[in-house]
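First comes the structure, then the notes that go with it.
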Amino acid sequence: MNCLKFHKYTMYNPLAPITPGLMNALLQEPKLIVRQHYPRGSTGNDTIPLLLTYYYKNNDIDVNRANLHLKQLLEDKYRFLYDTENEEHRKKLLIAAEQPRGYRIFINLLPARWQPTTSLRRKIHAYVQKKYEKKNSKTQKINVQLQDLYGKLYLLLSWKENKAEVLLDEVENTDPYVL
């Protein structure tokens, strides 16, 4: 787990760095891979954190999603769309998987059995209390799932008969000690 100080709050990074083995597995089928800047992957030193998000090229919906994702990154100087059927792009992706000096490169794969950290769970409870359930107890059971969408992390929250989908950034900026 990597963390980054963001103002006075910590940014949580559940995504794994890309590895050569994982990249070789991804390259077995035609894909489009969107590259973008990824602040959650920062280690605070001079490395540039990047995120690779893959989409299946033989699926029209995924191709449309890849293009939509890229359009959302107009201000990102690191944005790029790799086509794994392009030999030059394949070579660059294999180099990226080696974690070249000056870069820290992640892939949009979430752990199968993800659980929020204790600190994040406190912030989730505080967020739900502030935003939705002001009078309920802090100990209320909240089910949490993590989801990646276009390079952004969302929390799918459910409690009682309620559901909410919120950006992880929004929850992280909640002070768990101020209600």
Within the stretch 40-92, can you find the residues that are farther than 21 Å from Asp148 by Cα and among the aliphatic types (A, V, I, L, M)? none
Residue check for Pro116: of a type outside the set (Phe, Trp, Tyr), part of a loop (DSSP other than H, G, I, E, B) and touching a residue at least 24 places away in the same chain (Cβ under 8 Å): yes
When you go through Pro49, Pro30 one by one, which is the residue that is farther than 20 Å from Lys152 by Cβ and of a type outside the set (Phe, Trp, Tyr)? Pro30
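Can you spot a residue in the stretch 139-156 that is aromatic (Phe, Trp, Tyr) and either on the phi > 0 side of the Ramachandran plot or modelled with pLDDT of 90 or more (or both)?
Restricting attention to the stretch 139-156, the residues satisfying the condition of being aromatic (Phe, Trp, Tyr) are 150, 154.
Now narrow it down to the ones that are either on the phi > 0 side of the Ramachandran plot or modelled with pLDDT of 90 or more (or both): 150, 154.
The answer is yes, given that some residue of the stretch 139-156 is aromatic (Phe, Trp, Tyr) and either on the phi > 0 side of the Ramachandran plot or modelled with pLDDT of 90 or more (or both).
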How about the stretch 110-138: which of its residues are in contact with a helix residue (DSSP H, G or I) (Cβ under 8 Å, 6 or more places away or on another chain) and at pLDDT 85 or above? Pro116, Leu120, Lys123, Ile124, Tyr127
List pairs: first in the stretch 148-172 and surrounded by 16 or more Cβ atoms within 10 Å (Cβ to Cβ) and assigned to a helix (DSSP H, G or I), second at pLDDT below 90 and small (Gly, Ala, Ser), Cβ under 9 Å, 6+ apart or cross-chain? Val171/Ala126
Output yes when any residue across the stretch 33-41 is more than 15 Å from the chain's Cα centre (by Cα) and within 29 Å of Val171 (Cβ to Cβ), and no when none is. no
When Glu172 is run through (1) at pLDDT 95 or above; (2) within 18 Å of the chain's Cα centre (by Cα), the failure sits at (1)
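The values are calculated or read from the model by the stated rules, or taken from the named source; none is laboratory data. Please read all numbers here as calculations on a predicted model, not as lab measurements. Note: ideal-geometry Cβ built from the backbone for every residue, glycine included; neighbour counts use all protein chains shown.
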